[in-house]
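Trainee: Take a look at this one; I'll ask things after.
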Amino acid sequence: MLVDVLNAFWVGGLFCVLAQLLIDLTKLTPARVLVFYVVLGVFLGAVGVYEPLYDFAGCGVSVPLVGFGGAIARGVREAIHTDGAIGILSGGLTAASVGTTAALVFGYLAAIFFKSKPKRM
Amino acid sequence: MDQKHYERRVAARAARSPVFKNCIAAFFFGGGICALGQGLSFLYRALGVPHRTAAALVTASLIFLAALLTGLGVFDKLARIAGAGTLVPVTGFANSVVSPALDTKNEGLVLGVGAKIFTVAGPVLLFGTLAGCIYGVIYAVFYGFFL
């Protein structure tokens, strides 16, 4: 169990280091890095790397945004198997629904209950 | 100054460069958030939640936490130190939804909050689902689902 937490720690940490290098050393903005990571996740899922990586690192890959992409790829694949070709259209957002809905609902509630504070992005 | 002395000086300088420091911060903050997620996942499973539901609950919990910290103004202070460490985990996605929603409150709930809430989430969802569909088409063709 402790080993799993440790694996999640260092694999997740490395994903963040890679993103930090992309931000510091290239012209990629944080928003582009997020988009890149989601697409990377779909790619890793498509070539069959995501699942074994998930078995090894757990939240180390599912919590970084590559996990969002990995979930989309798995959702599409499974939906194609259960529902046929329509799964191409239904699988992705179904798999991404928890993260998306949670972010939208909690985001909206935060906007209602809190006041904006001066900040830099 | 001999060669060794010089090399040591260079190494000391390099270690203080912002890129290196940023990477260390990103590693520990990002790794910490993932470890927290893993810990939560064990907690939920110990409470009898099935594996997949536990993973979804972890996502929802981290998003809730990030939304709360963003609302309190704590997230941005953390993010300034952590850099990609808070950006890359799902917390960064949550922050990118909450932050513009908060900032555009005075522009109205529909075209302010409602539209701007997708400033970063929109591109992420678009390119994520697009990549998923492309994969789906290739997968379906490869396995003969169109026949």
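Trainee: Can you give the average number of partner chain beta-carbon atoms within 10 Å of each beta-carbon in peptide A:25-38, as a whole number?
Mentor: 5
Trainee: Please state the equivalent ellipsoid semi-axes for region B:3-116: what are the square roots of 5 times the Cα gyration tensor eigenvalues, largest first, in whole Å?
Mentor: For region B:3-116, the ellipsoid semi-axes come out as 34, 24, 8 Å.
Trainee: With 10 Å bins from zero, work out the P(r) of chain A over every alpha carbon pair and list the percent per bin.
Mentor: So the P(r) values, bin by bin, are 13, 33, 34, 18, 2.
Trainee: May I pose another question? Taking the Cα-to-Cβ direction at A:F56 and at A:L2 and moving 7 Å from each Cα, how far apart do the two end points lie in nm?
Mentor: Rounded to a tenth, the inter-label distance reads 2.2 nm.
Trainee: Additional query: List every DSSP H helix in chain B whose Cα atoms extend 30 Å or more along the helix's own long axis and whose mean Kyte-Doolittle hydropathy is at least -1.0.
Mentor: The qualifying helices are B:18-46, B:51-72, B:121-142.
Trainee: If you don't mind, another one. Can you tell me the relative contact order of region B:66-147? Whole percent, Cα pairs under 8 Å, sequence separation 6 or more.
Mentor: 21 percent
Trainee: Determine the shielding of peptide B:118-127 by partner chains: average, over its residues, the number of Cβ atoms on other chains within 10 angstrom of each Cβ.
Mentor: The per-residue average across the peptide is 6.
Trainee: Quick one: 3J(HN,Hα) in Hz for region A:72-79, Karplus 6.51/-1.76/1.60 with θ = phi - 60°, rounded, Gly and Pro as x.
Mentor: 4, 4, 5, x, 4, 4, 5, 5
Trainee: Next up: Rounded to the nearest 500 deg cm²/dmol, what is the calculated helix-only ellipticity per residue at 222 nm for chain A, with -39500 (n - 2.57) per DSSP H run of length n ≥ 4?
Mentor: Estimated from H runs of four or more residues: -26000 deg cm²/dmol.
Trainee: Something else now. Ordered by packing density, taken as the mean number of other Cβ atoms within 10 Å over each peptide's residues, highest first, how do A:31-39, A:13-21 rank?
Mentor: Highest to lowest by the protection proxy: A:13-21, A:31-39.
Trainee: What value in Å³ per residue do you get for the convex hull of the alpha-carbon atoms in region B:106-147?
Mentor: Cα convex hull per residue, to the nearest whole number: 60 Å³.
Trainee: Just counting partner chain Cβ atoms within 10 Å, what average do the residues of peptide A:40-48 show around their Cβ?
Mentor: What the average comes to for A:40-48 is 3.
Trainee: Normalised by the residues of chain B, what does the relative contact order come to in percent, with Cα pairs under 8 Å and at least six apart?
Mentor: Contact order relative to length: 19 percent.
Trainee: Okay, next question. Report the Cα centroid-to-centroid distance between region A:61-121 and region A:1-50 in angstrom, as an integer.
Mentor: 16 Å
Trainee: Further question on the same structure: Below 8 Å between Cα atoms, with a sequence gap of 6+, how large is the relative contact order for chain A in percent?
Mentor: Relative contact order of chain A: 21 percent.
FYI, it's all coordinate maths here, none of it is from the lab. Because the structure is predicted, anything quoted here is derived from the model rather than measured. Counting neighbours? That spans all protein chains shown, and the Cβs are built from the backbone with ideal geometry, glycine included.
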